[in-house]
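Working notes, structure below.
Every number here is computed from the coordinates shown, using simple stated rules; none is lab data. Since this is a predicted model, take the numbers as computed values, not measurements. Virtual Cβ from ideal backbone geometry, glycine too; neighbours counted across all protein chains shown.
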Amino acid sequence: MMTNIQHIISKISMKFKHYIIPVITISCFFSINHPASFAATKKHHVLSQNSSNTLNNNEDLSSSNKSIDDENKIIAIINGQLLTQRDVNNREKLFQLTAGIRLDPQVMQHMRPQLIKQMITERLHIQEMLRRNINISPEQIAKAIAGIEKQNNMPEHALKNKLTQDDVSLTTLIDQIRLQLGWVKVVQQELGTQSHITAKEVEQRETALKQEVGQPEYLINEIFVPVENARHPEQELQFTETIIQQLRNGAAFPIVAAQFSQSQSALQGGALGWVQEDNLDPEVVNIARKMPIGAISNPIKVAGGYVIAMLSGRRTIGNEMGTLMRIKQIFLPFNSKLNPQQPTAQQVTTLNLSTKLKSTLHSCQEVEKINKKADNIKLSDPGELQLERLNPEMTTILKDLQPHQMSKPLVSYDGISLIMVCSKERKNLSDISASEIANQLLNQRVEQASLQLDRDLHRQAIIEYHTPIQNNESDQKQPAKLHSTLKRHHP
């Protein structure tokens, strides 16, 4: 048996869609009034005004020009390519938009140095993509965006409208998505024939897992922050602590990981999947053994930097029974927000329709068809679910439903949902298939190649810093060390 890296690329791309909002690469999506053109219009208008107004407007023009100069300020030059203050500002806006939080200026100031370092690394990655003639086409990104909007129950072009509303540059989003997809192709080229996992390698891992039956394994997400100078880790530690505070305040872990983690798992929102103790850094194991499910760790010092770990599950190898389900759902929207004491005629009609559908629909195909007629406002198929991992309210609704049985109408302020169970299976979830083992092995190989290539690019780069962002001058000459929560044997 052999596994191709294309499977991993597809898997990474699909998972990534849930974690970060990219955008279609259409250069003329919308136009933003440039400050300079605005100032020029003002200047033309004041010719007919008195001298006092002329003076005031000239001051406005001067202020506008100063703002432009500030945005054009050079932060660093990476192999001849500029990184400007405008680039940094746009990335900060992107992070706040995708994370769904607003950061006060002091918090953003603490995060900015590390953000700049990451953007420098990204510039190196993009340059390597160009050197290898790797291109991500507009059609590829457009297709990805359409999938994201669909999976997040967003109407067509909703992303564009949200970006316009939040004044986030399209170019910032386009570049980040192109980078994420293109870097996977770079690593694919780097691996070459090593991108295949043989049946013998899978068999060896299966044998090793059988010997670990009864041992714990952990479902972990990670964010890795590299430390460039082990003697002066203060800046990176402060950044890590700032990120942890934002996560505990409600920022989505996968989005933050996709934006800031310097491990290859960032492509998957920091998700490592189920990992055995012998594949984890010993420091992470010590914390994972004590953490409650759902907790976010304090900074964990590992070789090369700091790790933030989120524990999503813990189980014993060879023994975890669970219920896997596939469902289909219908969402019938209200035209206005529901007032339970005074429902509108449309809301009453919608309730009557949902009651009728509950008794007349008997297959998941019928459910999907009705949801499509209702404009697919919410996805009909949310994918495979584990009953034990759902919130208590949803567990109560689904636990007693049998295949092809419909739930009662579930009324919310926005509309009514109906859920049908399509399949339900009780199984040992700790059983790992041969394909899953192959994917794990390939992920490790991809991580290894990515880390090595990244170190090479930093070592060969010529980087000029025009704004101090490091702890001391020696840091600016030293390439970043990259690491992961997973143990690795680096060449």
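Numbers below:
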quantity: Residue pairs, from the table 93/160; 93/378; 290/427; 378/427, whose Cα atoms sit over 21 Å apart; calculated: 93/378; 290/427; 378/427
quantity: Proximal aspartates and glutamates to residue 185, defined as alpha-carbon separation beneath 20 angstrom and excluding residues fewer than eight positions away on the same chain; calculated: 122, 128, 139, 175, 447, 454, 456
quantity: Fewest-first sequence of 284, 411, 168 by Cβ atoms within 10 Å of each Cβ; calculated: 411, 168, 284
quantity: Ranking of 334, 253 by count of other Cβ atoms within 10 Å, fewest first; calculated: 334, 253
quantity: Sparse-neighbourhood loop sites, GluC sites (Glu not before Pro) in region 349-412 - DSSP loop, at most 16 other Cβ within 10 angstrom; calculated: 384
quantity: Residue among 350, 361, 334 farthest towards the positive dipole end of region 321-428, charges placed on Cβ; calculated: 361
quantity: Debye log10 I(q)/I(0) for region 321-428, one point scatterer per Cα, at q = 0.09 Å⁻¹; calculated: -0.24
quantity: Zone of residue 428's modelled label, taken as backbone nitrogen in region 263-282 under 19 Å from a point 7 Å along Cα→Cβ; calculated: 274-277
quantity: Per DSSP, loop trypsin sites (Lys or Arg not before Pro) in region 288-332 with at most 12 further Cβ within 10 Å; calculated: 289, 290
quantity: Fewest-first sequence of 218, 465 by Cβ atoms within 10 Å of each Cβ; calculated: 465, 218
quantity: Cα-based reach from residue 399 at 17 Å (exclusive), listing aspartates and glutamates while leaving out same-chain residues under 8 positions away; calculated: 384, 388, 425
quantity: Per-residue HN-Hα couplings for region 408-422 [Karplus 6.51, -1.76, 1.60; θ = phi - 60°; Hz; x = Gly/Pro]; calculated: 5, x, 10, 8, 10, 5, 9, x, 10, 10, 10, 10, 10, 7, 8
